[in-house]
Number of protein chains: 6
Amino acid sequence: MSNIVVTNCPRAERAIVDGLAACGVATVHEAQGRKGLMQSYMRPIYPGARVAGCAVTASMAPADNWMIHVAVEQCQEGDIVVAAPTSPGDQGFFGELLGQALLARRVRALIIDAGTRDTSDLTKLGFPVWSKAVSAQGTVKETLGSVNVPVICAGAAVAPGDVIVADDDGVCVVKREEAEVVLAAARAREEKEDDTRARLKAGELSLDIYGMRARLADKGLKYVDYADYAAGRTEG
Amino acid sequence: MSNIVVTNCPRAERAIVDGLAACGVATVHEAQGRKGLMQSYMRPIYPGARVAGCAVTASMAPADNWMIHVAVEQCQEGDIVVAAPTSPGDQGFFGELLGQALLARRVRALIIDAGTRDTSDLTKLGFPVWSKAVSAQGTVKETLGSVNVPVICAGAAVAPGDVIVADDDGVCVVKREEAEVVLAAARAREEKEDDTRARLKAGELSLDIYGMRARLADKGLKYVDYADYAAGRTEG
Amino acid sequence: MSNIVVTNCPRAERAIVDGLAACGVATVHEAQGRKGLMQSYMRPIYPGARVAGCAVTASMAPADNWMIHVAVEQCQEGDIVVAAPTSPGDQGFFGELLGQALLARRVRALIIDAGTRDTSDLTKLGFPVWSKAVSAQGTVKETLGSVNVPVICAGAAVAPGDVIVADDDGVCVVKREEAEVVLAAARAREEKEDDTRARLKAGELSLDIYGMRARLADKGLKYVDYADYAAGRTEG
Amino acid sequence: MSNIVVTNCPRAERAIVDGLAACGVATVHEAQGRKGLMQSYMRPIYPGARVAGCAVTASMAPADNWMIHVAVEQCQEGDIVVAAPTSPGDQGFFGELLGQALLARRVRALIIDAGTRDTSDLTKLGFPVWSKAVSAQGTVKETLGSVNVPVICAGAAVAPGDVIVADDDGVCVVKREEAEVVLAAARAREEKEDDTRARLKAGELSLDIYGMRARLADKGLKYVDYADYAAGRTEG
Amino acid sequence: MSNIVVTNCPRAERAIVDGLAACGVATVHEAQGRKGLMQSYMRPIYPGARVAGCAVTASMAPADNWMIHVAVEQCQEGDIVVAAPTSPGDQGFFGELLGQALLARRVRALIIDAGTRDTSDLTKLGFPVWSKAVSAQGTVKETLGSVNVPVICAGAAVAPGDVIVADDDGVCVVKREEAEVVLAAARAREEKEDDTRARLKAGELSLDIYGMRARLADKGLKYVDYADYAAGRTEG
Amino acid sequence: MSNIVVTNCPRAERAIVDGLAACGVATVHEAQGRKGLMQSYMRPIYPGARVAGCAVTASMAPADNWMIHVAVEQCQEGDIVVAAPTSPGDQGFFGELLGQALLARRVRALIIDAGTRDTSDLTKLGFPVWSKAVSAQGTVKETLGSVNVPVICAGAAVAPGDVIVADDDGVCVVKREEAEVVLAAARAREEKEDDTRARLKAGELSLDIYGMRARLADKGLKYVDYADYAAGRTEG
């Protein structure tokens, strides 16, 4: 139960990571069987960012951001820092100076199950953060945690090297070993959606495209004209 | 207690609907006696949209968006879909493909007492959604609900054909039968506010414009100079 | 325990107030020893505003905005109105007309531990509001409160004349008597951060800049290679 | 849109009401097709109460309990007062004195989508209250509302005379016209559950009682021995 | 801005404190003009306790309970410890051992705007705690705060020596200098309520006792028979 | 990514499990280095229960309790079912009939990151449940999940066979492989606390027992007499 920093963690391949970013959170989440999604309270500090990267994890004591400083050294280009305190808090564990530190190492984003601050500076820098809160309240550097151990962040399990995908819809985790398979599934899904999209834009109904009418009828759905409904000539 | 889809529901008149959109949520809500407002957790996925339309309602099983697919067929130009699950959840019941389906029918917006996803695509499409949450978590299509029956959405009762007004301040429901009267009241309110606005910009005080001083004094409000207050020469 | 309006309250000096605005909330909060921060649920109605001003306070009955009308008359250029109901509510206590009234007196912002409405009009006017909620629900004018007495707003104590600093990170209160000292401390902090920022951008680590390595080792932090960790050759 | 008190509202029959109380909230909610349930934040001030009664409704201005006083006069033996403000608040709209007033009229409970106070006195009196909050914060008597009009309370629509069922599981509304049918369905459900209960206590599995195994297999559920799973000899 | 422990703070008189306890939170809060109430999320760990005492305050760093240990030494018989962290958290800052320490000094309760733990042991000991949460998550002892300085606890300002009244309805603060006046007002209120209670139990209506009928009619309240209302023979 | 039920999972030893129950959640959580604690929103349906058992896990689709039925068959005496939906909801996934089923297999408790119902029946049965909510809202049986795979429940990772400890303070997870070591550490902690408790009851201060005074002074804590403080004769 000691506090450790695990070094030289393997990462998912860059091309796979970038492919997952292009697919976006909703598609990736579906493609991997609806697992790995963080809670919906994780929101970006500015709209429009869409990124993916390999997780460098930081497990932090409550209201103590020391392990983010330690994590910086473990980061390399294309990483995303995933930081979670061991009990909930909305303090600002992260700000513009740490953002500079991560940008200097070409880190792509921060995902933090707590608060962040300096959001307008971070927005100007173009460094995206997904967080639970925005707060100017600082933290201390007194109690050890660990870096690059498995953490739970906003309800999702994250291991170092896993792929993090984040956009306006939230944050999703793809296990490193499954990233390639998930990317293939996500791309297949996108192709299928392209076809559906074209049909919907042309005015077809999803009831027909997905063939839902028979099953709806089987389950007992009934159509009633408003005139009958309003007159009470229906049991509904 | 069967599951039904009510067809051919009457709608409020287009001109009245568009008039209510121009007035906006706060004015309409006041004009109809402060009723029909949805809870303040209903937020737009992007700022700046202001719309009104006639409600097509969907009552859905928890975490099940099947009835939105059924509702699409009941929509016509100028409608707004109002969707509510029978128990709370923040799943993403709606995304870009359903947005395409609604746009193809010239539907103006979605109001959903649950989550939505694909928010950046929906923003690009210019299809506004007011929701309780943003979440990539999908739903299933297994359990029937009903379409175009009365629903409660975010604390407000909505009947099919009612006018929904939505902007950055939230979402308000105007009963179809009352829409014309409410529009007249809203416009009267706007005119009165135009006058008040001009006087306020010219530096008059609302204390004087609304004639509040006598009533404040009657109720016992006292003015105390800071010097007296700080010296304890007042009972306040 | 009567209801009073305190007039002619002293304010902090304009130059100090403007200096604090330039420093921003996070820096000012740190500089004064991490006190005076409002709860993180206080959010701006639009991003990018950064202001400071002298507090004119309004203590209001629940769902009753009468005292804001009374407060307007006590405002002068450079002030910020700080309004708090005596029990929580998300009603829209404030809207565009009151915004016009405050702009006419060159008030810089409203801080309200409740809801606001007309947010898109206020955004167009460039009048910033930090609030707990956005809601079109109006309030009444029936029950007295007080103006320019000490209030608690979103968890922070505010006395009339105190300096309020607000930006995208939230809202912080600086006691009037401490404003000059806090400004000096904030500026000193900024200078130090300029140096740190330059070193971080050049790739130095905060572990080295702040000299943290020895203390981390003392507390027992251990570095473990992933290969050893994965093979279980570590106690961590 | 005037403020009214509707008098002499019809009620559901006493025997049906009492029958529904005996069934309890969960059974009644299921028996009527899973509708009419209030949000789960509605909690009893003490455990163990189970009641049913006919709704006398009060629609109240925010933080204003005047209409509860008006509602008392409309109550008769066997009623339950259902009170909802037009916008959310946790103030204590109700206390022991109003409890005495309702007890004097043999009212059975209060359901309030807001706060209550004097909870320990009310507990001693044996007058059950289901509320959103407990708060000593009082309210005013300044703004009219209405009594015995349809209200929405904690997300459920309530008409005067509807049956309210409340116990430790929450609060459910049964429409007056449906009460007899719902009672019959609830009793049928109880009988069926008696049989299921006996079989479960005897050690039978619900998988067998409900015949679920085939459908689970059809959907693709697979059983894997831990030894194979741990060794990775499975795709799961 | 240093960290201090203020010693030998004056307290309110014991007889006044005990008198306020007997009146309870709701009565005391009303009697002092509806001020000083903590937020309604402050709940007792067990029902039925009603206490009053003189505040010994602890301002604590987030997730750090060191100052409670320091505060113990400042306590004397009849005190109540009021502890608040400088930013929100639900960690268990307090447990059974600290409860023993406070009991040894005849302290009457703890009020904490954070979490507590060992609640079943504290219940057995009969040491009441009002808290925001129950959590087994411990805290650290690393960062200084202050003892017996003014704090804000759950939205209420507390100075050392102020009277804290707490029961099932929540927690209220009475300023030390006002305690005697408030007690007199609370007792007067109780007497008046005794009379009202007797009349209500005898079946009189508060509409008559408080003489509300004329004012209701003035404001426009109308009574409508259900038969007319249902037939639409009313404008309501 | 198929749906599986893992059978014959190893469990922690019964004697160790029972030893951990005796220690309770707060002690066990501390003894294992402050990890494994579920979020503080997990509350028991009745006070006073303290249990431990081996986890049988159920990963469920949102608002769908099918996998609890499947999990029952995998339970044996001394187990605790840990059930978590893949996205948040407060529906009542569990009730008295399933309680009977688990009691028939001598299961000790249910831990569910969602709602439960029939709480008064479950209380009478003495079957303890820790849940996020109480709700009569039922669920469906339509979508597969998995049983005895790793889950995240209320923010804590749980593997089948892990030890779950639950009492009034919440719920804590001890990894199966670490259970013996944690029990030893917990018992050591209890012994140490026995000594501390005796000293505290005798009136010693934790400042002295833990030797905190020197470190407090080092960090700069100062003691100031109230008379000096009130007179401003201190910098604090």
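Of C:TYR210, D:TYR46, the order by accessible heavy-atom surface (1.4 Å probe, DNA, RNA and ligands excluded), from most exposed downward, is C:TYR210, D:TYR46.
With an a/c value under 1.5 for the gyration tensor axes a ≥ b ≥ c computed over the alpha-carbon atoms, the range D:1-126 is described as rounded.
Take each residue in F:2-13, count the other chain C-beta atoms within 10 Å of its C-beta, and the mean is 5. In this assembly, the F-D interface accounts for approximately 3500 Å² of buried accessible surface in total, computed with a 1.4 Å probe and without ligands, DNA or RNA. Cα centroid separation, the range C:120-152 to the range B:185-225: 15 Å.
Entry for the range D:174-236 at q = 0.12, 0.13, 0.29 Å⁻¹: log10 I(q)/I(0) = -0.59, -0.64, -1.07, Debye formula applied to identical alpha-carbon scatterers, no solvent contribution. Amide H to amide H distances under 5 Å link B:VAL224 with C:VAL5, C:VAL6, C:THR7, where only residues 5 or more positions off or on other chains count and H is placed in the peptide plane.
If you put +1 on each Lys and Arg Cβ and -1 on each Asp and Glu Cβ, how big is the dipole of chain B around its Cα centre, in Debye rounded to 20?
Value, rounded to 20: 140 debye.
If R0 is 25 Å, the Cβ-Cβ spacing of B:ARG197 and B:LYS35 corresponds to a FRET efficiency of close to 0.50. The phi torsions of the range C:98-104, fed into the Karplus equation with coefficients 6.51, -1.76 and 1.60 and a -60° offset, translate into couplings of 5, x, 4, 4, 6, 4, 4 Hz, rounded to whole numbers, with Gly and Pro shown as x. The mean count of C-beta atoms from other chains within 10 Å of the C-beta of residues in D:149-158, rounded to a whole number, is 3.
With the charge dipole of the range F:120-209 set up from +1 on Lys and Arg Cβ and -1 on Asp and Glu Cβ about the Cα centre, the Cα lying farthest toward the positive end among the listed residues F:VAL171, F:GLY203, F:PRO150 is that of F:PRO150. Per-residue shielding of E:218-225, expressed as the average number of other chain Cβ atoms within 10 Å of the residue Cβ, stands at 6. Here the protein assembly as shown is treated with +1 on each Lys and Arg Cβ and -1 on each Asp and Glu Cβ, and its dipole about the Cα centre works out to around 0 debye. Loop-located trypsin sites (Lys or Arg not before Pro) in the range D:70-155 (DSSP state not H, G, I, E or B) with no more than 12 neighbouring Cβ atoms inside 10 Å: D:ARG106.
When a/c reaches 1.5 or more, the comparison of a/b and b/c decides; with that in mind, is the protein assembly as shown rounded, prolate or oblate per its Cα gyration tensor? In terms of gyration-tensor shape, rounded. Over chain B, Cα pairs under 8 Å with separation of 6+ residues give a relative contact order of 28 percent. Where in the range A:66-97 does the amide nitrogen come within less than 11 Å of the point 7 Å from the Cα of C:ILE209, taken along Cα to Cβ? Taking a point 7 Å out along Cα→Cβ of C:ILE209, the residues of the range A:66-97 whose backbone N falls under 11 Å are A:96-97.
For A:VAL81, the solvent-accessible surface computed with a 1.4 Å probe is close to 0 Å², ligands and nucleic acids excluded. Accessible surface for the protein assembly as shown, divided over its residues, is 35 Å² per residue with a 1.4 Å probe. When the Cα atoms of the range A:117-231 are aligned to their principal axes, the ranges along those axes come out at 70, 41, 31 Å in descending order. For the range D:35-98, the percent of C-alpha pairs falling in each 5 Å distance bin, counted from 0 to the bin holding the largest distance, reads 4, 14, 22, 29, 22, 9, 0. Here the contact order of the range A:1-107, divided by its residue count and restricted to Cα pairs under 8 Å and six or more residues apart, works out to 24 percent. Note on the range B:1-118: with charges restricted to the Cβ of Lys and Arg (+1) and Asp and Glu (-1), its dipole about the Cα centre is near 280 debye.
In terms of the Cα gyration tensor, with a ≥ b ≥ c the square roots of its eigenvalues, is the range F:52-150 rounded because a/c is under 1.5, prolate because a/b exceeds b/c, or oblate? Note, shape of the range F:52-150 comes out oblate. Of A:ALA185, A:ALA202, A:ALA83, which is the most mobile in a GNM of chain A whose springs link Cα atoms less than 10 angstrom apart? Top of the fluctuation ranking is A:ALA202.
Which value at 222 nm does chain A reach when only helices count, each DSSP H run of 4 or more adding -39,500 (n - 2.57), with the total divided by all residues and rounded to the nearest 500 deg cm²/dmol?
Working: 9 runs with 81 residues, N = 236.
Taking each H run of at least 4 residues, the total per residue is -9500 deg cm²/dmol.
Using heavy atoms of the protein chains and a probe of 1.4 Å, the accessible area assigned to F:GLU190 is about 60 Å². When D:THR86, C:THR57 are compared by accessible area at a 1.4 angstrom probe, the order from most to least is D:THR86, C:THR57.
The equivalent ellipsoid of chain C has semi-axes of 41, 21, 16 Å, largest first, where each one is the square root of 5 times an eigenvalue of the Cα gyration tensor.
In the protein assembly as shown, the portion of solvent-accessible area held by carbon and sulfur atoms comes to 47 percent [1.4 Å probe, whole percent, DNA, RNA and ligands not counted].
The HN-Hα couplings worked out from phi for the range D:45-62 by the Karplus form 6.51 cos²θ - 1.76 cosθ + 1.60 (θ = phi - 60°) are 6, 9, x, x, 6, 9, 9, 9, x, 9, 6, 10, 9, 9, 9, 10, 5, x Hz, whole numbers, x standing for Gly and Pro.
Residues of the range A:69-93 that bury at least 20 Å² of accessible area when the other protein chains are present, relative to the chain alone (probe 1.4 Å, heavy atoms, ligands and nucleic acids excluded): A:HIS69, A:VAL70, A:GLU73, A:THR86, A:SER87, A:PRO88, A:ASP90, A:GLN91. When the trypsin sites (Lys or Arg not before Pro) in the range F:191-233 are filtered for DSSP coil states and for at most 14 other beta-carbon atoms within 10 Å of their beta-carbon, the remaining sites are F:ARG233.
Taking all protein chains as shown and a probe of 1.4 angstrom, A:ILE112 keeps an accessible surface of around 0 Å².
The values are calculated or read from the model by the stated rules, or taken from the named source; none is laboratory data. Please read all numbers here as calculations on a predicted model, not as lab measurements. With ideal geometry, Cβ positions are generated from the backbone for all residues, glycine too; neighbour counts draw on all protein chains shown. Ligands, DNA and RNA are stripped out before the accessible areas are found, and what is left, the full protein with its side chains, is counted by its heavy atoms. Shrake-Rupley method; radii C 1.70, N 1.55, O 1.52, S 1.80 Å.
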